[in-house]
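Okay, so here's the structure we're looking at.
The values are calculated or read from the model by the stated rules, or taken from the named source; none is laboratory data. Please read these numbers as outputs of a predicted model, since none were measured by experiment. Here Cβ is always computed from backbone atoms with ideal geometry, including for glycine, and neighbour counts include all displayed protein chains.
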2 protein chains.
Amino acid sequence: MKNYIQAEQWNIIENGFDSHLNKISESIFSLGNGRMGQRANFEETYTGDTLQGNYVAGVYYPDKTRVGWWKNGYPEYFAKVLNAADWMGLELRLDGELLDLNLCKVTAFQRLLNMKEGYLERTFTAELASGKQVQVKAKRFFSIANDEVAALHYQLTPLNFSGKLDLTSFIDGDVKNQDSNYEEKFWDEVSRVQGTKGTYLTLRTKKTEFDVITGVKTLVIKNDKAVELSIDTTNLEKYLSESVSIVLTENEGIDIYKIATNLSSQNYPAADLQARAEEVVNAAVAKGFDELLKEQAAAWATKWQEGDIIIEGDVAAQQAIRFNIFQLNQTYTGKDARLNIGPKGFTGEKYGGSTYWDTEAYCIPFYLSTAPQEVSKNLLVYRYKHLEKAIENAEKLGFNKGAALYPMVTMNGEECHNEWEITFEEIHRNGAIAFAIFNYIRYTGDVAYLKEFGLEVLIGIARFWKQRVNWSADKKQYVMLGVTGPNEYENNINNNWYTNTLASWCLKYAAEAAGIVNAEDPEQYQLIVAKTSLKEATEFADWKKISENIYLPYDEERGVFLQQDGYLDKEQILVKDLPASERPLNQKWSWDRILRSCFIKQADVLQGMYFFEDDYDMDTLKRNFDFYESRTVHESSLSPCVHSILAAKLNDGDRAYEFYLRTSRLDLDDYNNDTEDGLHITSMAGTWMSIVEGFGGMRVKENTLSFNPFLPEQWTSFAFTIGFRGTQFNVKVTKDEIIINTTSKELVHINIFNKLHPVSAGETVINYKGLLV
Amino acid sequence: MKNYIQAEQWNIIENGFDSHLNKISESIFSLGNGRMGQRANFEETYTGDTLQGNYVAGVYYPDKTRVGWWKNGYPEYFAKVLNAADWMGLELRLDGELLDLNLCKVTAFQRLLNMKEGYLERTFTAELASGKQVQVKAKRFFSIANDEVAALHYQLTPLNFSGKLDLTSFIDGDVKNQDSNYEEKFWDEVSRVQGTKGTYLTLRTKKTEFDVITGVKTLVIKNDKAVELSIDTTNLEKYLSESVSIVLTENEGIDIYKIATNLSSQNYPAADLQARAEEVVNAAVAKGFDELLKEQAAAWATKWQEGDIIIEGDVAAQQAIRFNIFQLNQTYTGKDARLNIGPKGFTGEKYGGSTYWDTEAYCIPFYLSTAPQEVSKNLLVYRYKHLEKAIENAEKLGFNKGAALYPMVTMNGEECHNEWEITFEEIHRNGAIAFAIFNYIRYTGDVAYLKEFGLEVLIGIARFWKQRVNWSADKKQYVMLGVTGPNEYENNINNNWYTNTLASWCLKYAAEAAGIVNAEDPEQYQLIVAKTSLKEATEFADWKKISENIYLPYDEERGVFLQQDGYLDKEQILVKDLPASERPLNQKWSWDRILRSCFIKQADVLQGMYFFEDDYDMDTLKRNFDFYESRTVHESSLSPCVHSILAAKLNDGDRAYEFYLRTSRLDLDDYNNDTEDGLHITSMAGTWMSIVEGFGGMRVKENTLSFNPFLPEQWTSFAFTIGFRGTQFNVKVTKDEIIINTTSKELVHINIFNKLHPVSAGETVINYKGLLV
């Protein structure tokens, strides 16, 4: 755990340069706009420890799978987000001496991420070995107003000398993924164009053959006059540069601008990339850096208006939640149903940048509330587009045609992961995908989604569960053998309560959904029946029989659901009795010991009780919460939020707040010593959920917003903005009151502690403490 | 499955050259002498499909582990037997044209492995593209009389031309393991010496720094006169050669001899290797090829005298069992307790040439009966020498000091395997190691082994089981969670009956063994107590409590032991109902499907009933056999022998014979399409067990040999020779009689169908049919 980030409401600030923290800061100060992004690497040369990272959404490489021992059914490759060309490179020599912070005395260093307006600013003074001092101020951003544009303004001022600056501005595409399985480089050069319209490098990914053009125009201004750069003729592979020598005068700065684009053949015909890139760059150059930044600030203002959370009385918490919201919005904007949310977004390579069930379980609730409906819909459609591949995936494992098993990790719908206990067995992901459809419709009321896309997916998933269970002659119930639940500290277990519960629900919901579509649009329903070769009579009957007769392990004595068969055979130790020296288990214990222990990595039974909370009374919830919470080590960043929400529901505000704290500053304070690999983007949505669903107690029940708020005593108030069915609600929770501001033109009813309250345009103040019995 | 090997009693014969079969034949015709060995690669150039293999026992390389996903506790490397320098290379050019069977018309090709005398002979006539015809006869062997020597006699005769032969004789050490994880070469060159004493290449393994010298002297004889070769000056790495040009006369042959050695720094100081190699080679040269071959034949005669099996009435069966015995004796001679039996011996690289539990479960019974006592003792001592490493291995996984977990795969005592479900969980191997000590003492009566070596190992193993179980508050018994049994088609299961049974037995036997040592040699016992810090009172009490209160899953309804918790939840399908198109499962089914099915890879519950047969009555055995046999797919070569022995015990001769057939010609007929990778050496011991323990019904009970014979109706008779406590017994089983010839000077008693029979020197004939009720 670190504690070097300065707390401010709207800004993330690092003061002073510590090279040991550089890779962490490179992650924290990352920029992105849903279409492309970048770690906070330095523009100028840096020979110290760094993880260079530039990423273009949706462009991947199928890296050949590395295994110890092959198992039938493993995928042949792992699709990876690629480290792409770096557009912002500057080489700066002062009288021949390279500016490199690794070799300088650095003072007045500050990195600042302005979340309100969406830019990164870095200022420093560097003293070179020669004694020359320069001051630098560099500001850059990835435009969310025009997501094809990125821009940099780099100001350099000689403080104690006049002399020659040799400046080289370059694009470097000769990059490698750090996590490449076989040390391969993934790009080939296609073309290079340099001229008055800028510098353009087109690269093509091996195998997948995506073309990506990186274009940049560099402008150097000295004394308000443009300085012309000349094109370098180098033979360096995938590297293009232009240079100029300038005589600097003491205390007179120069301004360097780089306006850049990254365009890919996913979005344009490869043949048009050059022309289109020139257009984008030159249009942006014509606007100019300042105007672009203004547009950026305006676009971010809209984002914040849609989804800000305001916490009063705790600057660190305020900063943290804004950071999480900011990074989520940098990662995914929902414009393109081919894209999704990698666990590290544009901030690192780890986990390949691919899609996990995190999206459905954690991210969708965030985007449902804070972005236009289309955004979460696109996340669902992403899976619809992959349905065919999910069916192929199940077939590969031996399931009959029509059953869909969505991949654990994917980029284009094909499975990438290759641990048998995960790839083949962590199948609850299928359930999360079905649940997300339900959740989306519950929130938006967009029932039409079922006939458009949802039903086909639900049928494929139901068919999978139907085949995945078997009748146990011994138990006289359906059982599900050989699974891994969300708690990945158990593998290949039988009858995981969560998975069985989810499967049972999916089977029921798929049949219900079919009924809804049939009732609303019989014609469309018949098309789906034909397309999926649905045998209504037998399949619905099978689903019902299994759904109602699936085995759900339960312990009568304790009155708790059992995470899996035999869970009580384990030695029952509690987390509180674990010495601190043995935490985290995943670093201190052998895998053998972890597997045999009763300790739980992340919410498992409790994840199920969170999804289906209405099925369980408070006593049952409390018994299970107390039992499982005391055995949960929360060694996944996705775990505490569910515990936080359930604790809040159980009126245990202290614990709800404690769980919330574990993730809110996870990356800012480098809690797990792994921020340098990139940020935990998907778990950031969980933090948002802790506040809105936990402290705010927000739910949607029967088409009505509902709140059961409480205020953590460390705070004066908190407020969140959400969109619900076309209306914005700003909900502020103080010690006693809930204050609702809405854009609604009509009177709406809001449920607070199970009582309906009328809310009209403008502000409504409700004393919720008075509602508590 | 193939069927190209000619059946002969003493010879393995391939007639005609089919390049598609070449890699299979290279395996089948392999040679070895326990110290070194070689696949049946051609001496002359061959550009066709081949797997080159030369191996030196005990010399290994720690190849960096390759994993998909690292788990805490994995070993960092996998120790591998190395492909070593090839000493027998010949390049032969006839008027400039290379002799290469891949480019010739080949006629009269024969490969013949003479098992009686222990040599490989290859003859052929080749017509080169030019039309030139040559006849070749090549004979070679690895001496078991002097296991530092190998020899080749290569005769070449021009059949239809006179012309120039350019002959190059070489040692090629620039070799690579095919299964190298990172495409590395494992050898560095240390030195090269060429002169009148021969050609010597010393290589050093990377990391482990074993020096191995390969020395050879090449003699070329034409018209009874030696032809001198001149040393080539090449710059080729790890390659040494000498050459000569000879004018050949039509129909006049020349003789090429190569006498070679491989010596390693395991056995000599590195500094002495050169001198010692020169000595070995030149002494062998002085003896000459023919004399060396005579010694070889004599040494093999002794081996056959000790352990031959004669089958009358079935040449294919006769050939097969001799092949198995021959290969076992080529692989391990028991002279060196640092060596062991790799699953592929000297016939291939697969499985790294390392030690598995196969040695204890399958090979020890073979060597106990067919080799001097010292041989099996050395196999036990091998594990004693690794005790400290086994303790470290357990510590690494989190066990307290003193518990020993032997590795699943090893070369030097350290674990090499890296699949968590095997490495950490297939812990029954520990039990097999304890059982082998019991088995050795039962057979030999060498109780002193306990105090010398055995007890310490048993204490380490008992301590491991003690910690590996836990008390289940739910079951009120000790349970063992997260194991993989011998049936590797189940992973991470709870309460594997076999493992729990074995653990219970180990705990009891360790305490018994302590009592025996204490009674026989209290002083030595106290030394062991001190050395192992044994807390007698508490540890023995713990062991007893666990041994007697371990949970052994059982199904009352069927009266069978359950392979594991929840086995009956699986869909119960029988192997007979599996379509042939789905076999073998490990090729046709996904790993997911295999794991969830009830199908059993190899004897699991039945392996336990085989080990502890006296604990179960025939009805219990029959119920379990019928239940598990019908679910077993025998996709391990180690499986059928146990089923064969148990079927024989159950008087089911037909099935006993059927199981026997599955392994006896496994490699000769390339049953599983994998003989090209090397032979299944350890399973060959299982075939021997099928005959001796199965058909012969041999056991040792209370220090007495016991037989329950039956004759498969396909045979006229079978006879096996075994050594038992210093006496040789030849046991011949005919339709009605058992005929025993013994070297015993005294009258001994043999148990036949539970009745004692006096047997004296010479021949005793007993009508066993008359003994059957």
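Filtering segment B:126-162 to residues that are assigned to a loop (DSSP other than H, G, I, E, B) and touching a residue at least 60 places away in the same chain (Cβ under 8 Å) leaves B:S143, B:I144, B:A145, B:N146, B:D147, B:E148, B:L159, B:N160, B:F161, B:S162. One residue stands out in segment A:547-562 among those that are closer than 25 Å to A:A510 by Cα and under 35 Å from the mean Cα position of the chain (by Cα): the one that is farthest from the other protein chains (Cβ to nearest Cβ), namely A:S547. What are the residues in segment B:61-79 that are more than 14 Å from chain A (Cβ to nearest Cβ) and closer than 17 Å to B:M408 by Cα, if any? Selection gives B:P62, B:A79. Is it the case, given these coordinates, that A:N22 is under 18 Å from A:L99 (Cα atoms) and within 24 Å of the chain's Cα centre (by Cα)? When the stated conditions are applied, A:N22 passes them.
Per-residue answers, yes or no, for (1) touching a Leu at 6+ places or on another chain (Cβ under 8 Å); (2) at pLDDT below 95:
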{"site": "B:S717", "(1), (2)": "yes, no"}
{"site": "B:G723", "(1), (2)": "no, no"}
{"site": "B:V733", "(1), (2)": "yes, no"}
{"site": "B:L747", "(1), (2)": "no, yes"}
{"site": "B:S760", "(1), (2)": "yes, yes"}
{"site": "B:E763", "(1), (2)": "no, yes"}
{"site": "B:I766", "(1), (2)": "no, yes"}
{"site": "B:V773", "(1), (2)": "no, yes"}
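I'd like to check something: does segment A:613-634 contain any residue that is more than 14 Å from chain B (Cβ to nearest Cβ), polar (S, T, N, Q), under 22 Å from the mean Cα position of the chain (by Cα) and within 26 Å of A:M689 (Cα to Cα)? Within segment A:613-634 (the criterion being more than 14 Å from chain B (Cβ to nearest Cβ), polar (S, T, N, Q), under 22 Å from the mean Cα position of the chain (by Cα) and within 26 Å of A:M689 (Cα to Cα)), the answer is no, since none of the residues qualifies. Within segment A:537-550, which residues are touching a residue at least 12 places away in the same chain (Cβ under 8 Å) and of a type in the set (A, V, I, L, M)? The answer is A:I546, A:I550. Out of segment B:438-449, which residues are of a type in the set (A, V, I, L, M) and either touching a Phe, Trp or Tyr at 6+ places or on another chain (Cβ under 8 Å) or within 14 Å of chain A (Cβ to nearest Cβ) (or both)? B:I441, the sole residue that qualifies. Of the listed requirements (1) within 14 Å of chain B (Cβ to nearest Cβ); (2) within 22 Å of A:V67 (Cβ to Cβ); (3) surrounded by fewer than 24 Cβ atoms within 10 Å (Cβ to Cβ), A:W420 misses just one: (3).
Filtering segment A:353-393 to residues that are within 14 Å of chain B (Cβ to nearest Cβ) and surrounded by fewer than 24 Cβ atoms within 10 Å (Cβ to Cβ) leaves only A:E392.
Conditions tested, residue by residue: (1) free of Cβ contacts under 8 Å to residues at least 24 places away in the same chain; (2) assigned to a helix (DSSP H, G or I).
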site	(1), (2)
A:N495	no, no
A:N500	no, yes
A:A519	yes, yes
A:I528	no, yes
A:L552	no, no
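So which of B:A298, B:A361 ends up being in a helix (DSSP H, G or I), closer than 30 Å to B:G431 by Cβ and not β-branched (V, I, T)? Within the list B:A298, B:A361, the selection yields B:A361. Elements of the type strands (runs of 3 or more DSSP E) sitting completely within segment B:1-98 and holding at least 3 residues that are more than 20 Å from B:F323 (Cβ to Cβ): these cover B:60-64, B:77-81, B:86-94. Quick check: anything in segment B:570-580 in a helix (DSSP H, G or I), surrounded by 17 or more Cβ atoms within 10 Å (Cβ to Cβ) and away from chain A (no Cβ under 12 Å)? No; the residues of segment B:570-580 include none that is in a helix (DSSP H, G or I), surrounded by 17 or more Cβ atoms within 10 Å (Cβ to Cβ) and away from chain A (no Cβ under 12 Å).
For segment B:522-577, name all the residues that are acidic (D, E) and under 22 Å from B:H634 (Cβ atoms). Passing the criteria: B:E571, B:D577.
In the set (1) under 24 Å from B:N83 (Cα atoms); (2) surrounded by fewer than 18 Cβ atoms within 10 Å (Cβ to Cβ), the condition left unmet by B:E278 is number (2). Scoring B:W10 on the criteria (1) surrounded by 17 or more Cβ atoms within 10 Å (Cβ to Cβ); (2) among the hydrophobic types (A, V, I, L, M, F, W, C); (3) out of contact with any His (no Cβ under 8 Å at 6 or more places or on another chain) leaves a single failure, condition (1). In this structure, is B:S717 touching a residue at least 40 places away in the same chain (Cβ under 8 Å) and surrounded by fewer than 17 Cβ atoms within 10 Å (Cβ to Cβ)? It is true that B:S717 is touching a residue at least 40 places away in the same chain (Cβ under 8 Å) and surrounded by fewer than 17 Cβ atoms within 10 Å (Cβ to Cβ). If you go through segment B:581-594 and keep only what is within 10 Å of chain A (Cβ to nearest Cβ) and assigned to a helix (DSSP H, G or I), you end up with B:E582, B:L585, B:N586, B:Q587, B:K588, B:W591, B:D592, B:R593, B:I594.
Here A:L534 fulfils each of the conditions (1) more than 10 Å from chain B (Cβ to nearest Cβ); (2) outside any helix (DSSP H, G or I); (3) within 30 Å of B:D474 (Cα to Cα) apart from (3). Can you confirm whether B:L585 is in contact with an Asp or Glu (Cβ under 7 Å, 6 or more places away or on another chain) and buried (at least 19 other Cβ atoms within 10 Å of the Cβ)? When the stated conditions are applied, B:L585 passes them.
Apart from one condition, B:K217 fits all of (1) part of a loop (DSSP other than H, G, I, E, B); (2) closer than 18 Å to B:G195 by Cβ; the exception is (1). When every residue of segment A:424-437 is checked against the conditions, none turns out to be among the polar types (S, T, N, Q), within 12 Å of chain B (Cβ to nearest Cβ) and either crowded, with 24+ Cβ neighbours inside 10 Å or closer than 30 Å to A:W591 by Cβ (or both). If the condition is being part of a loop (DSSP other than H, G, I, E, B) and crowded, with 20+ Cβ neighbours inside 10 Å, then segment B:199-214 contributes only B:F210. Here B:F659 does not qualify as of a type in the set (F, W, Y) and touching a Lys or Arg at 6+ places or on another chain (Cβ under 8 Å).
Whether any residue in segment B:555-567 is part of a helix (DSSP H, G or I) and either at negative phi or touching a Ser or Thr at 6+ places or on another chain (Cβ under 8 Å) (or both) is what I want to check. For segment B:555-567, residues part of a helix (DSSP H, G or I) and either at negative phi or touching a Ser or Thr at 6+ places or on another chain (Cβ under 8 Å) (or both): present. Being within 14 Å of chain A (Cβ to nearest Cβ), touching a residue at least 40 places away in the same chain (Cβ under 8 Å) and out of contact with any helix residue (DSSP H, G or I) (no Cβ under 7 Å at 6 or more places or on another chain) is the requirement here; does B:S597 meet it? Criteria met by B:S597. Do we have any residue at all in segment A:399-410 that's assigned to a strand (DSSP E or B) and more than 14 Å from every other protein chain (Cβ to nearest Cβ)? Scanning segment A:399-410 turns up at least one residue that is assigned to a strand (DSSP E or B) and more than 14 Å from every other protein chain (Cβ to nearest Cβ).
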